[in-house]
Amino acid sequence: MLIDLADGHRPVDVLLGREADYFADWLRAHPGVQVICRDRAGGYADGARDGAPDAMQVADRWHLWDNLCRHVERLVAAHHACLPEPAAAAIDHGADDPTDLSVLQWPDTVRVANTRQRYQQLHDLRERGLSMRAIARRLDLNFKTVRRYVGVGSVDVLLAGGVQVSVLDPFKPFLNGRLAEGERNATRLLTEITGQGYTGGYNTLARYIRPLRRLDAAELAALPPRPAPPSARLVTGWITGLPGNLDPDDAVRMHAIRHRCPELDAAVRHVAGFARMIKDLSGDEAMLSKWMGAVDADLPALRSFTAGLRRDLAAVVAGLTLDYNSGAVEGTVNRVKQLKAAMYGRAKPDLLRKLILLA
């Protein structure tokens, strides 16, 4: 959908697809376009370059920020072991002690590593403008698998573990108490917590109590209750949100996470720097290049984001220094959704186009 930002934010046309050729053909048929404000889709960039080579392209700031937030969420998920509060050293069994709760809660398995790698690959290709079917063909994956990976907001949703709260967490204080009383039979413990609402399996329970069986009652009593770790999405919100809006308790937890993880501490600083460029429209080429160099040095996981900025550098600099934005486009998109809802989903492209342009 094309919006005339200079003429009352009026819709001027609706294209049938997102491919570059559709956009380029329209621009050739309507010469004279001087400024094109767009999102980060590669098809729009290519179409604008081919159809109106003299026009200035402007990358929309909201989409730049959204791209950064998605990369930060992947970074946080990759450092999931830094999110939970470390267990208090009430028992000194040495560095290889199997009762280290962080080891129990954050297993590094081949499946987890493969899931994170595939999630990264899929979303990198998606941000380059590839369709889900094109991604499926390139990575030789089932389309449903690609749709599942693209549809989730975080890799944590795909993992049976990670920073997700364990189904066993609400029952751990009870289990610790029963172990302190001398109960060691996992089957009986499973029956007891199932009666209290536990929905997990025997293996989850067995993995938890196995290293605790060797502790005596005093050592079990000394195990402190450990709050459930925040999710990767929640921590991403803490990093990318306004610091003044952060709840005091959450600010304390974020400070502790930054202290435990130098990478996430660097992420907070660099995200704040990018936010200042957006707010002040101060992201000229020198400032942006300096920021990208610092990010590349401190956070290799964000190099795919900075590489995307460099590929689209002129449009990104324009987006971070000029007043143009795609807010009017997003508002029109919301109106189109209302029109489609009012038509009960029966609008064919030709009728919907007329409604958008004339309503």
**Asked** Gaussian network model of the chain, Cα springs within a sub-10 Å range: biggest mean-square fluctuation belongs to which of Glu127, Glu85, Glu192?
**Response** Glu192
**Message:** With every protein chain left in place and a probe of 1.4 Å, what is the accessible surface of Asp250, to the nearest 10 Å²?
**Reply:** 40
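Answer rounded, prolate or oblate for the stretch 21-85, using the Cα gyration tensor with square roots of eigenvalues a ≥ b ≥ c: rounded when a/c is under 1.5, else prolate when a/b is larger than b/c, else oblate. All intermediate terms of the calculation are to be shown ahead of the outcome.
Working: a/c = 5.86, a/b = 3.60, b/c = 1.63.
The shape class here is prolate.
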**Fill in**
When the charge dipole of the chain is computed with +1 at the Cβ of Lys and Arg and -1 at the Cβ of Asp and Glu, the Cα pointing farthest to the positive end, of Pro349, Pro31, Phe305, is that of Pro349
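Based on Cβ point charges of +1 for Lys and Arg and -1 for Asp and Glu, what charge dipole magnitude is obtained for the chain about its Cα centre, in debye rounded to the nearest 20?
Values: 47 positive and 43 negative charges, 269 e Å.
My answer is approximately 1300 debye.
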**Fill in**
Applying the gyration tensor rule to the Cα atoms of the stretch 286-359 (axes a ≥ b ≥ c; rounded if a/c under 1.5, else prolate if a/b exceeds b/c, else oblate), the class is prolate
**Sequence of Met287, Met254 when ordered by accessible area, the most exposed leading, probe 1.4 angstrom** = Met287, Met254
**Request:** Taking amide H positions as placed in the peptide plane 1.01 Å from N, state which residues far from Val58 in sequence (5 or more) or on other chains have amide H under 5 Å from it.
**Result:** Ile36, Cys37, Arg38
**Item:** Between the stretch 180-210 and the stretch 266-315, the alpha-carbon center distance in angstrom
**Value:** 49
**Request:** Specify which residue in the list Ala314, Ala134, Ile239 is farthest towards the positive end of the charge dipole of the chain, using unit charges on the beta carbon of Lys, Arg (+1) and Asp, Glu (-1), about the Cα centre.
**Result:** Ala134
**Request:** Could you work out the Rg to Rh ratio of the stretch 236-294, with Rh taken as the Kirkwood radius (inverse of the mean 1/r over all Cα pairs)?
**Result:** 1.03
**Message:** Checking a compactness column here: for the stretch 241-330, what do you get for Rg(Cα) / (2.2 N^0.38 Å), N being the number of residues?
**Reply:** 1.23
**Fill in**
Note: the chain at 20 °C, 1.002 mPa s; Kirkwood Rh on alpha carbon pairs; Stokes-Einstein D in µm²/s works out to 89
**Asked** Amide H to amide H under 5 Å from Arg10: which residues, 5+ apart in sequence or cross-chain, H placed 1.01 Å off N in plane?
**Response** Asp4
**Asked** Taking a temperature of 4 °C and a viscosity of 1.567 mPa s, what whole-number D in µm²/s does Stokes-Einstein yield for the stretch 1-42 with Rh from Kirkwood over alpha carbon pairs?
**Response** 115
**Asked** What does the accessible area of Thr321 come to, in Å² to the nearest 10, when a probe of 1.4 Å is used?
**Response** 50
**Fill in**
Computed about the Cα centre, the charge dipole of the stretch 192-263 from +1 Lys/Arg and -1 Asp/Glu charges at the Cβ has a magnitude in debye, to the nearest 20, of 300
**Request:** Give me the lysines in straight-line cross-link reach of Lys348: C-alpha distance below 24 Å, same-chain residues under 8 apart excluded.
**Result:** Lys337, Lys340
**Request:** Order the following by accessible area, largest value first: Lys340, Lys348. Probe radius 1.4 Å; ligands, DNA and RNA are ignored.
**Result:** Lys348, Lys340
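The values are calculated or read from the model by the stated rules, or taken from the named source; none is laboratory data. Remember, predicted model here, so these are calculated numbers, not experimental data. Ideal geometry is used to build each Cβ from the backbone, glycine not excepted, and the neighbour counts take in all protein chains shown. Note: accessible area is taken over every heavy atom of the protein model, side chains too, but ligands, DNA and RNA are not part of it. Shrake-Rupley method; radii C 1.70, N 1.55, O 1.52, S 1.80 Å.
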